[in-house]
1. With axes computed from alpha carbons, what is the tilt in degrees of helix 54-69 against the longest principal axis of the chain, rounded to the nearest 10 within 0 to 90?
2. For a quick check: sort LEU79, LEU118 by the number of other beta carbons within 10 angstrom, fewest at the front.
3. Hey, can you rank 124-135, 88-99 by average C-beta count inside 10 Å, highest first?
4. Calculate how steeply helix 122-133 sits against the longest principal axis of the alpha-carbon atoms of the chain, using the helix alpha-carbon long axis, and give the answer as 0 to 90 degrees to the nearest 10.
5. Relative contact order (percent) for region 1-114, with alpha-carbon contacts under 8 angstrom and 6 or more residues of separation?
6. For region 65-133, what class follows from the C-alpha gyration tensor (a ≥ b ≥ c being the square roots of its eigenvalues): rounded when a/c is under 1.5, otherwise prolate if a/b is larger than b/c, else oblate?
7. Let me have the 222 nm mean residue ellipticity of the chain computed from DSSP H runs of 4+ only, each contributing -39500 (n - 2.57), with the sum over all residues rounded to the nearest 500.
8. Which option, (1) 25.2, 83; (2) 15.9, 62; (3) 21.6, 69, is the value of Rg and Dmax of the Cα atoms in Å that was calculated from these coordinates?
Amino acid sequence: MALNRMKYCSTQQSYSANIGDGVISQILDGGADRYRRSLKGVVHTVSSRWVVGEAGYQYLMAFYRVWARNPSQPFIARLCVDNAPVEDYQCFFGGAPTLTEKQALVFTVTANLKVKPLAVDDDLDDLIVEVGNGGEDLASLTNPLEKLVNEDLPEALGDF
């Protein structure tokens, strides 16, 4: 059975994500806390907001009701949580959506989503932190074409 896909992306305004880390701290008397890893794959909590018209409001409410018939079944939503780009995540509603504002035919709906984390690449994370430790610009890892076109190419062409 294919998972339902949320048609709308959350607005960027009022968007927030609480990253599930699985780290537990123990408070110690007279010293720094002690930290340890307890769980892997802890869910994230995303606070989403949609600003839609009448048809969009009807869609969001219908989407929630369809999900609520089988709440153990996740749905797909495009979110920005584990990485910078927007990606597909498996989600669950963390409660019913809330109509937070209605102005004429414009509806503002908010909801908390419980989000399964994506698989992480430990080697890539280590590389990114290592580059940052070396004082290099992290953008050089993600956008080498910009440097090639804007710096290396003009230097190679010189006064040509």
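No value in this document is a laboratory result; all are computed from the given coordinates. Bear in mind the structure is a predicted one, so any value in this text is a computation, not a measurement. As a convention, Cβ positions derive from the backbone with ideal geometry for all residues, glycine included, and neighbour counts pool all protein chains shown.
1. 80
2. Numbers: LEU79 22, LEU118 15.
Ascending Cβ contact count within 10 Å gives the list LEU118, LEU79.
3. Details: 124-135: 10.4, 88-99: 15.4.
Highest mean packing first, the order is 88-99, 124-135.
4. The angle comes out at about 50 degrees.
5. For region 1-114, the relative contact order is 29 percent.
6. On the way: a/c = 3.92, a/b = 1.90, b/c = 2.06.
Oblate, since a/c reaches 1.5 and b/c is not below a/b.
7. Values: 5 runs with 41 residues, N = 160.
The helix-only estimate for the chain comes to -7000 deg cm²/dmol at 222 nm.
8. (3)
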